[in-house]
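K.L.:
Dumping the structure here so I can ask a few things about it.
The values are calculated or read from the model by the stated rules, or taken from the named source; none is laboratory data. Since this is a predicted model, take the numbers as computed values, not measurements. Counting neighbours? That spans all protein chains shown, and the Cβs are built from the backbone with ideal geometry, glycine included.
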Amino acid sequence: MATILFYILGFLAVIATLLAITRRNPVHAVIYLVNSFFALALLFYLLGAPLVAAWEVIIYAGAIMVLFLFIIMMLELAPTPEPERMGPAWWQWLPVLLLALGLVACTLLLIGLDTAGSQGVPHWYAAPRDFGYVLFGKYALAVEVVSFQLLFAAVGAFYVGKPESLKKTAGRKS
């Protein structure tokens, strides 16, 4: 059953990602990308990595998507007008509803299949504390490099989002 669930979640992740890529409205694309991240989190959980699954939801589906929405609003990206479709308005909600229902069904199946609680903690399981010691001890330089990259991206987004009059003023001062 776990193999079937793995393929269903993989299919949902691929479909949600394809829908995110093909949407003209950036907000709709972000919603589909959140569905994709939830499917990936369930895949990580299914593969025995609950900590990575939690990070997938907290960092990617939470923080990064909020950042994407902030950038969409800051750059004032207006959705391109879509051609009028024949049919009811609920038709455009159908793909996201089907994806969400599929993810809820897979989550319920995964909760029902979870036998890890009865077996105890496996010998290969790394506790979050051990993981933190390794991440900020052995790989501290890599963590700092990534944090500087995020800082540079934030400064770049701030500069791109500034009005033209402020850009010209900042260019004259330097």
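K.L.:
Of all residues being under 16 Å from CYS106 (Cα atoms) and in contact (Cβ under 8 Å) with a residue 60 or more places away in the chain in region 44-58, which is nearest to the chain's Cα centre (by Cα)? Just the residue, please.
P.N.:
Per the criteria, the residue is TYR45.
K.L.:
Search region 129-150 for residues that are in contact (Cβ under 8 Å) with a residue 24 or more places away in the chain and pair each with any residue that is of a type outside the set (S, T, N, Q) when their beta-carbon atoms are under 9 Å apart and the residues are at least 6 apart or on different chains.
P.N.:
PHE131/LEU51
K.L.:
Looking at (1) out of contact with any Gly (no Cβ under 6 Å at 6 or more places or on another chain); (2) more than 30 Å from PHE158 (Cβ to Cβ), which is the one condition that is false for LEU12?
P.N.:
Failing condition for LEU12: (1).
K.L.:
Then there is this: So ALA63 passes all but one of these: (1) within 23 Å of GLY132 (Cβ to Cβ); (2) over 8 Å from the mean Cα position of the chain (by Cα); (3) at pLDDT 90 or above. Which condition number does it fail?
P.N.:
Result: ALA63 passes all but (3).
K.L.:
Take ILE31 and decide whether it is over 22 Å from LEU98 (Cβ atoms), within 13 Å of the chain's Cα centre (by Cα) and either in a helix (DSSP H, G or I) or not charged (D, E, K, R) (or both).
P.N.:
no
K.L.:
Mind listing whichever residues of region 121-149 are modelled with pLDDT under 85 and exposed (fewer than 10 other Cβ atoms within 10 Å of the Cβ)?
P.N.:
Correct list: VAL121, PRO122, HIS123, TRP124, ARG129.
K.L.:
Same structure, new question: Among all residue pairs at least 6 apart or on different chains, which show Cβ distances below 7 Å where the first residue, located in region 83-108, is at pLDDT below 85 and the second is of a type in the set (Lys, Arg)?
P.N.:
As it stands, the answer is TRP91/ARG85, since those pairs meet every condition given.
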